[in-house]
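Read-outs: derived from the displayed coordinates by stated rules, not from any lab. If you're wondering where the values come from, they're calculated on a predicted model, not measured in any experiment. Reconstructed Cβ throughout: ideal geometry from the backbone, glycine too, with neighbour counts over all protein chains shown.
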Amino acid sequence: MKRVLKWLGIAVLAIVLLIGGFALYVQFRSLPTYDVAVPSVTIERTPERIARGRHLAMSLCAECHRHPTTRTLSGTQMLDLPEQFGIAYSKNITNHPTKGIGAWKDGELLWLLRTGIHPKTGQYVPPWMPKFIHMSDEDLQSIVAWLRSDDGMVSSTDQDNIESSPSWFAKFLVTIAFKPFDYPASPIPQPDTTNLVTYGKYLATGVYDCYACHSADIASMNQLEPEKTPGFFGGGTQMLDVNRNPMYASNITFDKTHGIGTWTEQQFITALRDGFRPNGTPIKYPMPRGVHMSDLELRAMYAYIKTVPTSTNVVPASHVYTPAAGATVGEKAYLSYGCVNCHGSKGIGYGDLRLADKKYPDDSTLISVIRNIRSFYPESTMPIWEGRIKEDEYASLAAHVRKLGRATQ
Ligand code: HEC
Ligand code: HEC
Ligand code: HEC
């Protein structure tokens, strides 16, 4: 008996040492590297492609790559990344020749976006930069055509890149679970846009990747076969708002009690485009804003998600901000409407409030900006609050915006 125990002890020790050794290996190795075989393609930059590319990228890439202060795709911190993955910064993808992607070949961009392997270093780009393996060739080429265009959003911006620092857990995942994808061996055709369900599936699982956030856990998403992702569209993934407080993606299957089963197509369109639920409550960051999505795209995603098996998953409640004792009406409104989820407790996050005080010295202009930002910035992803915020809250809210802006100068 004693002998058996001794051997068992040695076996356990060996396993512990092996695991420990592997843990250290993961800790000290950099991200894995792979061979690079960049396709030699030159994408013709037709006006149609540039327009289509802009349409897609303004929803897809801007969400992560747009800097709140430069307002171009010059890269920024991924504030919504859960802490267990470490700290990540998106990169400068403007046309700057050295700091951006101005000198990259078209094929290098396609290679990175498809495989997830960095064409310059061969390193696997961690899971926080999505890989577009199901996107049609035409759509992906349109995005690349737009990145090379003279659009203001990608105009050369002199901003240095900041390296990400993946956590042990993130490195562990890319060592054992997340692998790069093969460059497609055959062309990926454009989906049938006249069949709403087919087109909606393409958009929700191959372009806008709604399922990545709206399933059980980002770590278990099945990118090759999205519909096999555990908890597909049943929600529950934890993410963070810009103050790094927990937010949970909703159950958006058509279950009538736990999902969006009672929503009409129009209510779904309003939710995605305007950012409000049928009951008038704001859908908060980090849920991306669909301001650039077309009616057809939204109708298609509604039709497709309706066909997804329903789930009764109950999603944990997202962080609720409680105002401090003696908070003004404006401070309370800043928290309850979710300004804090985008602009942060200090006024800088996904949107920057530091200049608002100087830019709009008189209150009536500042209030007009808050009411309807799109009459100032036509493409802004900030919700239009006109009719959503109580009239007697605006003046105090404007005062709070000034206070935040001044405090963080
Ligand atoms: C969910 C956030 C997210 C989205 C969406 C996203 N990116 Fe990224 N991207 C990142 C992060 C983070 C990195 C840096 C990865 C790292 O840590 O090395 C990155 C890196 C890159 C790089 C490498 C640049 C370099 O100099 O190394 C390119 C090119 C790029 N992204 C292009 C795009 C394009 C084009 C889109 C839209 C089709 C897009 N990204 C969408 C987060 C994102
Ligand atoms: C970056 C992660 C992320 C992505 C990508 C994403 N969502 Fe969301 N979504 C969220 C979060 C988080 C919430 C919850 C927000 C809240 O609590 O106010 C949410 C809420 C929603 C809601 C509101 C449901 C409810 O009543 O709470 C709908 C509808 C929705 N998302 C649809 C979509 C669709 C359609 C797509 C793809 C076009 C999508 N989402 C992509 C994170 C995401
Ligand atoms: C979904 C994210 C989001 C929410 C929620 C949001 N904003 Fe914004 N806001 C932005 C972005 C992004 C900008 C920058 C304008 C742009 O480039 O689109 C902005 C700009 C502004 C500006 C103008 C800043 C300037 O320099 O011109 C003010 C003022 C402002 N927001 C106030 C508010 C208030 C008050 C609330 C809540 C009632 C709010 N925002 C809610 C994203 C948001």
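Could you give the size of the charge dipole of region 329-407 about its Cα centre, using +1 on the Cβ of each K and R and -1 on the Cβ of each D and E, expressed in debye and rounded to the nearest 20? Before the final figure, lay out the partial values.
Values: 12 positive and 10 negative charges, 53 e Å.
Using Cβ point charges on Lys, Arg, Asp and Glu, region 329-407 gives about 260 debye.
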(message) Placing unit charges on C-beta atoms (Lys and Arg positive, Asp and Glu negative, everything else neutral), compute the dipole magnitude of the chain about its Cα centre in debye, rounded to 20.
(response) 1140 debye
(request) Provide the net charge surrounding Leu355, with neighbours chosen by a C-beta distance below 14 Å and charges set as Lys +1, Arg +1, Asp -1, Glu -1. (result) +4
(request) Please turn the phi angles of region 102-115 into ³J(HN,Hα) values with the Karplus equation 6.51 cos²θ - 1.76 cosθ + 1.60 (θ = phi - 60°), one per residue in order, whole Hz, x for glycine and proline. (result) x, 9, 6, 7, 3, x, 5, 5, 4, 4, 5, 5, 7, 8
(request) Can you find, among Val369, His400, Ala333, the residue farthest towards the positive end of the dipole of region 329-407? Put +1 on the C-beta of Lys and Arg, -1 on that of Asp and Glu. (result) His400
(message) Nothing charged except the Cβ atoms of Lys and Arg (+1) and of Asp and Glu (-1): what's the magnitude of the dipole of region 249-300 about its Cα centre? Round to the nearest 20 debye.
(response) 160 debye
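Using 0.36 nm per residue of separation minus the Cα-Cα distance, give me the extension gain between Phe172 and Ala327 in nm, one decimal.
Full extension of this stretch gives 51.4 nm more.
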(message) Give me, ordered by chain and number, the residues 5 or more places off Ile87 or on other chains with an amide H under 5 Å from its own placed amide H.
(response) Ser165, Ser167
(message) Please compute the modelled spin-label separation between Thr193 and Asp362, points set 7 Å along Cα→Cβ, answer in nm with one decimal.
(response) 4.5 nm
(request) Name the long-range amide H neighbours of Gln238: under 5 Å, sequence gap of 5 or more, or other chain; modelled H, no Pro or chain starts. (result) Ile218
(message) At 4 °C and a viscosity of 1.567 mPa s, what translational diffusion coefficient does Stokes-Einstein give for region 47-176, taking Rh as the Kirkwood radius over Cα pairs? Give it in µm²/s as a whole number.
(response) 86 µm²/s
(request) Net charge near Thr121: determine it from the other residues with C-beta under 13 Å of the C-beta of Thr121, scoring Lys and Arg +1 and Asp and Glu -1. (result) -1
(request) Determine the sum of side-chain charges near Tyr321: Lys and Arg each +1, Asp and Glu each -1, restricted to other residues whose C-beta is under 14 angstrom from that of Tyr321. (result) +2
(request) Over the Cα atoms of region 196-307, compute the convex hull volume and normalise it per residue, giving Å³. (result) 101 Å³
(request) Go through Ser380, Thr98, Thr42 and say which Cα lies farthest out towards the positive end of the charge dipole of the chain; charges sit on Cβ, +1 for Lys and Arg, -1 for Asp and Glu. (result) Thr98
(message) With unit charges on the beta carbons (Lys and Arg positive, Asp and Glu negative) and the dipole taken about the Cα centre of the chain, which residue among Ser164, Thr257, Tyr302 sits farthest to the positive side?
(response) Ser164
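Label region 226-266 by shape, choosing from rounded, prolate and oblate, from the square roots a ≥ b ≥ c of the eigenvalues of the Cα gyration tensor; if a/c is under 1.5 it is rounded, and otherwise prolate applies when a/b is larger than b/c, oblate when it is not.
Oblate is the answer for region 226-266, as a/c is 1.5 or above yet b/c matches or exceeds a/b.
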(request) Step through the residues of region 121-131 one at a time and calculate ³J(HN,Hα) from phi using the Karplus curve (6.51 cos²θ - 1.76 cosθ + 1.60, θ = phi - 60°), rounding each to whole Hz and writing x for Gly and Pro. (result) 10, x, 6, 6, 7, x, x, 6, 9, x, 10
(message) Given the DSSP H assignment, sum -39500 (n - 2.57) over each helix run of at least 4 residues in the chain and divide by its residue total; what's the result at 222 nm in deg cm²/dmol, nearest 500?
(response) -10500 deg cm²/dmol
(message) Just to be sure I understand the model, the point goes 7 Å from the Cα along the line to the Cβ. What's the resulting Ala317 to Phe376 distance in nm?
(response) 3.3 nm
(request) In whole Å, largest first, what are the principal axis extents of the Cα atoms in the chain? (result) 81, 61, 46
(request) Would you mind getting me the FRET efficiency between Thr69 and Lys256? Use the beta-carbon distance for r and R0 = 51 Å, nearest 0.05. (result) 0.70
(request) Compute the length gained on full extension between Glu225 and Tyr34: take 0.36 nm times their separation in residues and subtract their Cα-Cα distance, giving the result in nm to one decimal. (result) 66.5 nm
(message) Within 10 Å of each candidate Cβ there may be at most 13 other Cβ atoms; applying that plus a DSSP loop requirement, which trypsin sites (Lys or Arg not before Pro) in region 69-140 survive?
(response) Lys120
(message) Expected output is a single nm value to one decimal: the length gained when fully extending between Ala51 and Asp150, i.e. 0.36 nm times separation in residues minus the C-alpha distance. What is it?
(response) 34.5 nm
(request) For region 283-296, just list the computed ³J(HN,Hα) in residue order, Karplus coefficients 6.51, -1.76 and 1.60, θ = phi - 60°, integers in Hz, with x standing in for Gly and Pro. (result) 8, 8, 4, x, 5, x, 8, x, 4, 9, 7, 7, 4, 4
